[in-house]
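Everything on this sheet refers to the single structure shown next.
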Amino acid sequence: MPPKRRKFSRPLGERRYRKIFILAVEGAKTEPQYFDIFKDYNSVIQMIYLKDKHESSPQQVLDRMKKYLKRESLKKTDQAWLVVDKDQWTNEQLSQLYRWSQQADNYGFALSNPKFEFWLLLHFEDGSGVNSSQICSRRLKRYLPIYDKGIDIRKISETMIADAIRRAKQRDKPPCGDWPRNTGTTVYKLVESIQESSTR
């Protein structure tokens with residue numbers, strides 16, 4: 001029986017501005033499916049995904065974000081995040097994304113090393129011994145046997161999200177200044193920001 005999903009709801013009261021999270025993502029499928037978990041926040045939060053099936057280099061992810069922000073104004077309560085994998089990308093390529101994220105308080109940079117699936121794995125276990133993309137995928141399939149670049153969000157509970165945040169923070173000690181050089185992920189910072197925004 002799948003774990004019960006949390007119903008995220010806001011208190012009754014005056015109508016609030018829908019805070020927007022713009023996510024420029026590397027993957028066209030997995031990341032949007034995962035962050036759809038937070039659509040239960042919809043009365044307060046709106047998720048906008050900037051994705052492309054074929055253009056997934058760090059520079060292309062950044063370019064999508066820059067183009068969007070030229071067209072659309074970003075309020076102070078909105079947030080714009082780049083969500084990428086370490087994969088084979090060089091430190092110089094990733095540095096461009098990190099430097100962009102430092103330009104405003106409501107910009108963010110979430111990187112998973114080796115890839116986003118490591119963040120998913122942390123919902124089930126601590127990820128010890130994962131030092132390659134292949135091992136990460138094999139381990140994740142222990143818990144999601146039919147996983148193939150897509151995730152059934154009904155399999156993810158509120159408790160599992162809290163566990164993933166805790167495990168990611170344990171690996172991120174002391175907190176990295178830019179992105180994890182070893183196996184780890186800073187996606188937890190984005191998830192915490194979404195959760196905090198829904199209660200303000």
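Results for (1) buried (at least 18 other Cβ atoms within 10 Å of the Cβ); (2) within 29 Å of Gln93 (Cβ to Cβ); (3) at pLDDT 95 or above; (4) not basic (Lys, Arg), shown as yes or no for each residue.
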| residue | (1), (2), (3), (4) |
| --- | --- |
| Ala168 | yes, yes, yes, yes |
| Thr186 | yes, yes, yes, yes |
| Ile194 | yes, yes, no, yes |
| Arg200 | no, no, no, no |
Original post:
Got a number for residues in the range 74-87 being surrounded by fewer than 19 Cβ atoms within 10 Å (Cβ to Cβ), closer than 24 Å to Pro114 by Cβ and among the aliphatic types (A, V, I, L, M)?
Top reply: 0
**OP:** Kindly indicate the residue of the range 90-133 that is touching a residue at least 60 places away in the same chain (Cβ under 8 Å), of a type in the set (A, V, I, L, M) and in contact with a Lys or Arg (Cβ under 9 Å, 6 or more places away or on another chain) and also surrounded by the fewest Cβ atoms within 10 Å (Cβ to Cβ) among those meeting that condition.
**Re:** Leu94
Original post:
Under 8 Å by Cβ, and 6 or more places apart or on different chains, what pairs join a residue from the range 175-187 that is free of Cβ contacts under 8 Å to residues at least 40 places away in the same chain with one that is assigned to a loop (DSSP other than H, G, I, E, B) and of a type in the set (S, T, N, Q)?
Top reply: Cys176/Thr186
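If only one of Lys86, Lys66, Lys75, Lys51 is at pLDDT 90 or above, basic (Lys, Arg) and within 21 Å of Thr185 (Cβ to Cβ), which one is it?
Lys86
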Subject >> the range 46-73, residues that are surrounded by 14 or more Cβ atoms within 10 Å (Cβ to Cβ), over 15 Å from the mean Cα position of the chain (by Cα) and over 23 Å from Asp178 (Cα atoms) >> reply: Asp52, Tyr68
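The values are calculated or read from the model by the stated rules, or taken from the named source; none is laboratory data. Please read all numbers here as calculations on a predicted model, not as lab measurements. All Cβ positions, even for glycine, are placed from backbone atoms using ideal geometry, and neighbour counts span all protein chains on display.
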